[in-house]
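Undergrad: So that we are looking at the same thing, I have put the structure below in structure tokens.
Each reported figure results from applying straightforward, stated rules to the coordinates on display, with no laboratory input. Model, not experiment: these values are computed from the prediction. Don't worry about glycine lacking a Cβ; one is built from the backbone with ideal geometry, like all the others, and counts go over all protein chains shown.
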Amino acid sequence: MEKWSKRLVFMFFCLSVCIQIPYVSSSTAPLQGNQGNKESSAARTFKLEDAHVVRCSRERSRAAWKVIEEYLMPFVEQERYKISSGCRLHPDNDLYRDQEQHKHHVDINEWRCGYCRKNFYEEKYLDKHFDNRHFDLLNTSHSRCLADLCGALHCDLVMDSSLHKTKCNPAAAARNEHLCESLADSCFPVSKGPVTGRLHEFFLRQFCDAHTCSGGPKPFPKGQKKRTSMLYISLSILTLMLLPLFYFFIYLYQRGIKSGSQELKRISLSGRKKKSF
Ligand SMILES: [Zn+2]
């Protein structure tokens, strides 16, 4: 009888274990559910981050700024004219201007974030850092995408993509010409005076005339002018000041060597004379 009771207990134990196995395996189900929750929350945060994605190319905005700075601003400054903030070419209308100004190229392989002093090997990583960490600093409330003006400003010519020339599209050329002329009208209104009249004319020749597929004039016929920075000027002056000093020290050094060798000769000669006695 005892044997039977032991067997019964053992069978009961086995049964309970067998029942437990599916229970354990089902207990993993909530875990999977949690993972699913995690995934869905990750997707949600991605969607949230996606909401911060700015639909404005940083690279093309940079190219547009380069064109403005090199092919337009020197001529505008020459006329002592200040572009109004209503003009889309004004620095305030570049979404990325503040971030670009907080970009420090410390060394060949060192780019520093001006907001948090973090260093990066390449500019593109700093760009990504700006996108991920400092997107809140972008004021996206107004449409201030400089890249939108690339068609009018011939950005491709200052970008690497200029190597892959595409066939001229008459419709796109007409669109770009229209955008270009509207920029000339809004930024340099002829009615404002002779200065804006001259700049209006200049803008049409420099940027707008080339928007044609019939082999018209090339973009930027008036050329470019690089603004000489104050650092460049001060370095040049410093070099000019230090150069005579450098030659003076070389002269003194060579003179010192000569007089030293003459002294040695004199000593060795007097030594020989003493020996001959
Ligand atoms: Zn930073």
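Undergrad: So how far, in whole Å, is the C-alpha centre of region 56-99 from the one of region 156-221?
TA: Their Cα centres are 15 Å away from one another.
Undergrad: Between residue 250 and residue 118, what is 0.36 nm times their sequence separation minus the Cα-Cα distance? Round to one decimal in nm.
TA: The span from residue 250 to residue 118 would gain 43.2 nm if fully extended.
Undergrad: If I stretch the segment between residue 104 and residue 77 completely, what's the gain in nm (0.36 nm per residue apart, minus their alpha carbon distance), one decimal?
TA: 7.2 nm
Undergrad: At residue 169 and residue 213, where each label point lies 7 Å from the Cα along Cα→Cβ, what is the point-to-point distance in nanometres?
TA: 1.0 nm
Undergrad: Shape of region 172-218 from its Cα gyration tensor (a ≥ b ≥ c, root eigenvalues): rounded if a/c is under 1.5, otherwise prolate when a/b > b/c, or oblate?
TA: It is oblate, given that a/c is not under 1.5 and a/b is not larger than b/c.
Undergrad: So who's got an amide H within less than 5 Å of the one on residue 110, skipping anything under 5 residues away but keeping other chains? H placed 1.01 Å off N, in plane.
TA: none
Undergrad: Starting from the alpha-carbon convex hull of region 66-219, give the projected area averaged over all orientations, in nm². Each step should come with its number before you reach the end.
TA: Details: hull surface 44.0 nm².
For region 66-219, the mean projected area of the Cα convex hull comes to 11.0 nm².
Undergrad: Among the listed pairs 66/218; 103/124; 118/225; 82/192; 167/218; 128/167, which have their C-alpha atoms separated by more than 22 angstrom in this model? Each step should come with its number before you reach the end.
TA: Values: 66/218 18 Å; 103/124 11 Å; 118/225 33 Å; 82/192 13 Å; 167/218 15 Å; 128/167 32 Å.
As for pairs spanning more than 22 Å Cα to Cα, those are 118/225; 128/167.
Undergrad: While we're looking at this one, here's another question. With N denoting the number of residues in region 96-142, provide Rg(C-alpha) divided by 2.2 N^0.38 Å, to two decimal places.
TA: Against the compact-globule rule of thumb, the ratio is 1.11.
Undergrad: Modelled label-to-label distance, residue 59 and residue 192, 7 Å Cα→beta-carbon offset: nm?
TA: 3.4 nm
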